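Below you'll find the structure, written out as structure tokens, and then a few comments.
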Amino acid sequence: MSNRSYQQYCPIAAALDVLGDRWTLLLMRELTMGERRFTDLRAALPGIAPNLLSERLRELQEDGLVEQRVLPPPAARTVYAATRAGREVVPVLRSLARFGAERLGPPEEGVALSAPRAVYSMLAPFHTPEGAGERFHARLHVDGEVFDVVTDGAELSLRRREHEEPDVDVEVAARDLVGARQGTQLRLPSGPAGERFARLFQLD
């Protein structure tokens, strides 16, 4: 934990004692999307100094939100990952994404848009459950990357499910997912499955 503290008996202050330092929530954004190497994190967070990145990772490990893992051969490399406790930050990140999406202007020409970031920040946070026991599986093809989005009531999973047949296949660009939050109509598959996908993620 950072040695800076609000010293207040308040759950919001206690959360910010852990997550309130600059770069920390963006680090958690990256690590809740999957395992990352140190170099991956530096590339995803341009502007952060290597020593500050190391310090933030160390603090998050001390707080039990992040852990180091060694991938088996042939990769045989060390990566950082969110722990189970770290994944409890996901609802916070999704709330921030909903808050921030309304405040983003259109992306400037030449701005690189990450497919995972578009799915995790422009789609998942807008999940609106329709009811318990109504499972739905959409397979997204976003700029050459594949994502399995599975809903079951209030539960939402983005875990890859290669051997499962989806209810609908959706092909979309990351830029279009951003545009959909700014009033641009998204072209989706016709039929009940496409309509349900639109309702589940507030795209209708």
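Would you tally the residues in the range 63-79 being closer than 20 Å to residue 22 by Cα and either at pLDDT below 95 or touching a helix residue (DSSP H, G or I) at 6+ places or on another chain (Cβ under 6 Å) (or both)? Reasoning before the result, please.
If we filter the range 63-79 for residues that are closer than 20 Å to residue 22 by Cα, which is where we start, we get 63-67.
If we keep only those that are either at pLDDT below 95 or touching a helix residue (DSSP H, G or I) at 6+ places or on another chain (Cβ under 6 Å) (or both) too, we end up with 63, 65-66.
Qualifying residue count for the region: 3.
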message: Would you confirm whether or not the range 156-170 contains a residue that is free of Cβ contacts under 8 Å to residues at least 24 places away in the same chain and among the hydrophobic types (A, V, I, L, M, F, W, C)?
response: no
message: Among the listed residues 111, 150, 89, 142, identify the single one that is under 16 Å from residue 175 (Cα atoms) and either in contact (Cβ under 8 Å) with a residue 12 or more places away in the chain or not aliphatic (A, V, I, L, M) (or both).
response: 142
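Yes/no per residue for (1) among the hydrophobic types (A, V, I, L, M, F, W, C); (2) outside the structural domain of residue 35 (by TED's automatic domain parsing); (3) exposed (fewer than 13 other Cβ atoms within 10 Å of the Cβ); (4) assigned to a loop (DSSP other than H, G, I, E, B):
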| site | (1), (2), (3), (4) |
| --- | --- |
| 95 | no, yes, yes, no |
| 103 | no, yes, yes, yes |
| 116 | no, yes, no, no |
| 131 | no, yes, yes, yes |
| 149 | yes, yes, no, no |
| 162 | no, yes, yes, yes |
- prompt: Can residue 43 be described as surrounded by fewer than 15 Cβ atoms within 10 Å (Cβ to Cβ), within 16 Å of residue 92 (Cα to Cα) and of a type in the set (A, V, I, L, M, F, W, C)?
  reply: no
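Looking at the range 1-58, what helices (runs of 4 or more DSSP H) fall wholly within it and have at least 1 residues that are touching a Ser or Thr at 6+ places or on another chain (Cβ under 7 Å)? Don't jump to the end; show me each part of the working.
On the way: elements: 11-19, 24-31, 38-44.
Those helices (runs of 4 or more DSSP H) span 11-19.
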message: I'd like to know if the range 161-181 contains one or more residues that are of a type in the set (Lys, Arg), under 24 Å from residue 24 (Cβ atoms) and at pLDDT below 95.
response: no
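The values are calculated or read from the model by the stated rules, or taken from the named source; none is laboratory data. In this text, all values refer to a predicted model and were calculated from it rather than measured experimentally. Every residue, glycine among them, receives a Cβ derived from its backbone with ideal geometry; neighbour counts consider all protein chains shown.
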